[in-house]
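Enquirer: Please see the structure below; I have some questions.
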Amino acid sequence: MGIRVNPDVYSVILNGLQLNTQQQDQALQQVSTGQKLNSLSDDPVGAAALVNLRMQSGANTQFLQNITTMTGSLNVANSALSSVVEALTTAQSVGVEGTDATLNDSNRQALAQQIQGIQQQILGLANTSYNGQYLFSGTATTTQPYIEDANSASGVTYKGNSNTNSVEISEGQAMPINLPGSQIFGNATNNVFQSLQDLSTALSTNTNISAAATEVQNALNYVSTQQTFYGNSVDRLNNAQVFLTQEQTQLTTTESTTLDVNMATAVTDLTQAETTQQALVQAGAQVSQVNLFTYLPTQ
Amino acid sequence: MSSLFGTMSVALQSMLAQQSALEVVANNVANANTPGYSREVANFEESPPVLNGNTMVGTGVTMASVESVRDNILNLRIDQETSQQSNLNSYVGSMNQVQALFNETQGTGLQTYLTNFFNSFQSLATDPTSSPLRQATITAGQDLAGAFSQTSQNLTTIQQGLDQSVVQTTQQVNQLTSQIANLNQQIQEVSNSGDAPGALEDQRDQALTNLSKLIDTAVVYSNDGTVSVTTDNGTALVAGNQSDALTTQLNNTTGMHEVFSQGSDITSSIAGGQLQGLINARDNGIPSTQSSLDDLAAGLISAVNKQQNTGYNSNGASGSDFFAPFTPSTPDSNAGAAASMSVAITSTDQIAASSNGTAGDNGNATALANLQNVPVVSGQTAGDYYSNLISQVGNDVSNATSEQEAVGLVLQQLTNQQASISGVSLDEEATNLVMYQRAYEAAARVISTVDELTSTTINMFTPS
């Protein structure tokens, strides 16, 4: 006598179909979303890693945005200072021209007026703003840094402060983004506005023109040194941008490895599940269409 | 004593017995697709022989009993696995709802809000006096608080739904235990009257299986045909024709219902079935997720407020709390921190971006942004803590799902085995049908033969 088996073949086929449907569902979901990670339980470790990756790449995106914003303002400041240097160079040569003994008073008066024009030009440059922020007023970015002041020896008064702001350009790496005007345009020995004021007075009064021209030259050298801060900062931002972009590429690759399905595998899984389903359904259709009752004689 | 009429009586008994056996076949065929039906077999027995002179002569056949073919031990195993499967099904079902709240795989979870919040301060650092950027930080804060609060409230909603299910499931348990007690009584009565209680036993098996889907059961079969049912931990459910109803009582501290049996709380000792899965998700899975979420919210609120307090707002005054500060209702518990999270400041000038009181200074905005990299809860950064929370929720569901699959395979095998013992085979029934039919025909032939013999005997003396 044979071993008694489960006479209900359909229950066996049904179990097979149900298991297969689960696999089919999973494969279909992977193909349709393109992700192998569709709920946290698919890969808890991967999901946790995904959160960390996205926190990091989210922060990097912000750093890159900050870099773009700051590159704009630093470039404007840099070019304003280039114009200042250029104007001072003109002023210095005007001063040298003023030392020429053949000039008469009226010639020197004209030169003094030219210097006063340069004074106005540099005042305008020192008050450069970008996106509504004054660039050379320290952290008091809403305050116009220099105003004309007849009572002041240099002809101007600095209204900004001597503070600087730093902005982070990558995790934990902060970079100063400004120099206060009080530092750029002068210190105890060199002062742009004072030197121009002195040169203008010297030309008008024909006294110590040569010394005043030297003073302008010194101020020019000083501002050029200050300007390098902006040039260097733009370089530093460019380097940081390159680094962050590389890191972002790396993070995106890792994220894709964690999240994205291998399409070839998923499609193969799906095809396999479909084939299995067809086989099971066909088996179900063929098996047990017949039992012994079919062959019993009918009277 | 042997006679022609005796022979006829033997043949008649045989016809009756074969007829009864055909009824059994008919019943089996009729119930071939009835869930829970165990096939029946007709047990024939030789009638007691009589002494005829010096020889014992058989007196035919009787149908002694109709027996249900079932393996009670196998049924118990099936009920145990069913119990385990229902437990896992309801736990996985509940926790699937929970993990869907943390939809990180689609990139729409809390992480986005955390990143946006910290980034808004990083962005503010580039232009600390900008009103739009200040407004953006308030909005990002509101979004973050809203996400925490919404997630927490959704967890509570799921938990309350599970609590309702616990109450309903307990009522279903009571219906089934009372049904089983009734069946016990009927089975005992039928057995006492000498009949076979197969159909009632089938019904009781079904009820026991259904009960094991709801709660863990330990079943003991008694000689009188009744079963007694307890939980694995010995809580009485059915004894003879008596059932002990379970009750539910609202626990005012937790706001959840506890399950009681005869005055004692058995909630935590329920070890199987849908009830265990529901209680496990309600009392462990969800509260542990909720408390992690609360700890994270409380940590963030306090760290952001503290940093905001050290800075200065647009008017040069010390910064006030960014988020509404969280006051624990019970000491050392952050319960409710996530649900009640909200932004306290109302205008853009209240953001303390400055670290020295100058309006254009950005020191504190950078410091606020840097809270992203500072431990704020349990010695971990917000991102790390949250990613751990994610992996815990995912692991919990993943482990339960693997177990669910394993139990499913075991159950499938056991059910298959059960069907191989108790299932109706139409081939087998067809064979029996033919067998009983032929035996019936043969017995009828015996009667007609005896009839001929009798007629021969009677006609022997008939004058012609």
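Results for (1) closer than 30 Å to A:G72 by Cα; (2) touching a Cys at 6+ places or on another chain (Cβ under 7 Å); (3) in a helix (DSSP H, G or I); (4) at pLDDT 90 or above, shown as yes or no for each residue.
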| position | (1), (2), (3), (4) |
| --- | --- |
| A:N239 | yes, no, yes, yes |
| A:Q246 | yes, no, yes, yes |
| A:T249 | yes, no, yes, yes |
| A:T268 | no, no, yes, yes |
| A:Q272 | no, no, yes, yes |
| A:T276 | no, no, yes, yes |
| A:A279 | no, no, yes, yes |
| A:A285 | no, no, yes, no |
| A:V290 | no, no, no, no |
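Enquirer: I'd like to verify a number: residues in segment B:335-394 that are within 14 Å of chain A (Cβ to nearest Cβ) and part of a loop (DSSP other than H, G, I, E, B), how many?
Expert: 12
Enquirer: Among the residues in segment B:396-408, are any part of a helix (DSSP H, G or I), buried (at least 20 other Cβ atoms within 10 Å of the Cβ) and within 7 Å of chain A (Cβ to nearest Cβ)?
Expert: Looking through segment B:396-408, at least one residue is part of a helix (DSSP H, G or I), buried (at least 20 other Cβ atoms within 10 Å of the Cβ) and within 7 Å of chain A (Cβ to nearest Cβ).
Enquirer: Restricting to segment B:219-251, name every residue that is within 13 Å of B:T177 (Cβ to Cβ), assigned to a strand (DSSP E or B) and without any contact (Cβ under 8 Å) to a residue 60 or more places away in the chain.
Expert: Answer for segment B:219-251, where residues must be within 13 Å of B:T177 (Cβ to Cβ), assigned to a strand (DSSP E or B) and without any contact (Cβ under 8 Å) to a residue 60 or more places away in the chain: B:V227, B:S228, B:V229, B:T230, B:A236, B:A239.
Enquirer: Take A:T254 and decide whether it is at pLDDT below 90, farther than 30 Å from A:L14 by Cβ and among the polar types (S, T, N, Q).
Expert: no
Enquirer: Can you tell which of B:L409, B:L414 is hydrophobic (A, V, I, L, M, F, W, C) and touching a Leu at 6+ places or on another chain (Cβ under 7 Å)?
Expert: B:L414
Enquirer: Answer yes or no as to whether B:S65 is closer than 30 Å to B:G225 by Cα, away from every other protein chain (no Cβ under 12 Å), in contact (Cβ under 8 Å) with a residue 12 or more places away in the chain and not in a loop (DSSP other than H, G, I, E, B).
Expert: yes
Enquirer: Considering every residue within segment B:352-359, establish whether at least one is modelled with pLDDT of 90 or more and more than 22 Å from B:S320 (Cα to Cα).
Expert: No: segment B:352-359 contains no residue that is modelled with pLDDT of 90 or more and more than 22 Å from B:S320 (Cα to Cα).
Enquirer: Being more than 10 Å from every other protein chain (Cβ to nearest Cβ), of a type in the set (A, V, I, L, M, F, W, C) and in contact (Cβ under 8 Å) with a residue 24 or more places away in the chain is the filter here, so list the residues in segment B:412-441 that pass it.
Expert: Of everything in segment B:412-441, those that are more than 10 Å from every other protein chain (Cβ to nearest Cβ), of a type in the set (A, V, I, L, M, F, W, C) and in contact (Cβ under 8 Å) with a residue 24 or more places away in the chain turn out to be B:L414, B:A439.
Enquirer: If you scan segment B:94-124, which residues turn out to be in a loop (DSSP other than H, G, I, E, B) and either at the interface with chain A (Cβ under 9 Å from one of its Cβ atoms) or not β-branched (V, I, T) (or both)?
Expert: B:F102, B:N103, B:G107, B:G109
Enquirer: Further, regarding this structure: Determine whether segment B:180-189 contains at least one residue that is at pLDDT 95 or above and under 23 Å from the mean Cα position of the chain (by Cα).
Expert: yes
Enquirer: Now a separate question. Residue by residue through segment A:29-38, note down the ones that are closer than 17 Å to B:N96 by Cα, surrounded by fewer than 22 Cβ atoms within 10 Å (Cβ to Cβ) and within 7 Å of chain B (Cβ to nearest Cβ).
Expert: A:N38
Enquirer: Where in segment A:109-203 are there strands (runs of 3 or more DSSP E), lying wholly inside it, with at least 2 residues that are within 14 Å of chain B (Cβ to nearest Cβ), at negative phi and surrounded by 14 or more Cβ atoms within 10 Å (Cβ to Cβ)?
Expert: A:166-170, A:173-176
Enquirer: When segment A:11-20 is examined, which residues are found to be in contact (Cβ under 8 Å) with a residue 60 or more places away in the chain and surrounded by fewer than 13 Cβ atoms within 10 Å (Cβ to Cβ)?
Expert: Within segment A:11-20, none qualify.
Enquirer: Would you pick out the residues in segment A:135-153 that are within 21 Å of A:E86 (Cα to Cα) and touching a Pro at 6+ places or on another chain (Cβ under 7 Å)?
Expert: A:F136
Enquirer: How many of the residues making up segment A:30-81 are among the small types (G, A, S), in contact with a helix residue (DSSP H, G or I) (Cβ under 7 Å, 6 or more places away or on another chain) and either within 30 Å of A:Q241 (Cα to Cα) or assigned to a helix (DSSP H, G or I) (or both)?
Expert: 10
Enquirer: Which of the numbered conditions does A:L280 fail, given that it passes all the others? Conditions: (1) surrounded by 13 or more Cβ atoms within 10 Å (Cβ to Cβ); (2) under 39 Å from the mean Cα position of the chain (by Cα).
Expert: The one condition A:L280 does not meet is (2).
Enquirer: Given the conditions (1) more than 14 Å from every other protein chain (Cβ to nearest Cβ); (2) farther than 28 Å from A:Q173 by Cα, and given that B:N309 satisfies all but one, which numbered condition is not satisfied?
Expert: All conditions pass for B:N309, except number (2).
The values are calculated or read from the model by the stated rules, or taken from the named source; none is laboratory data. Predicted model only: the values in this text are computed from it and were never measured. Don't worry about glycine lacking a Cβ; one is built from the backbone with ideal geometry, like all the others, and counts go over all protein chains shown.
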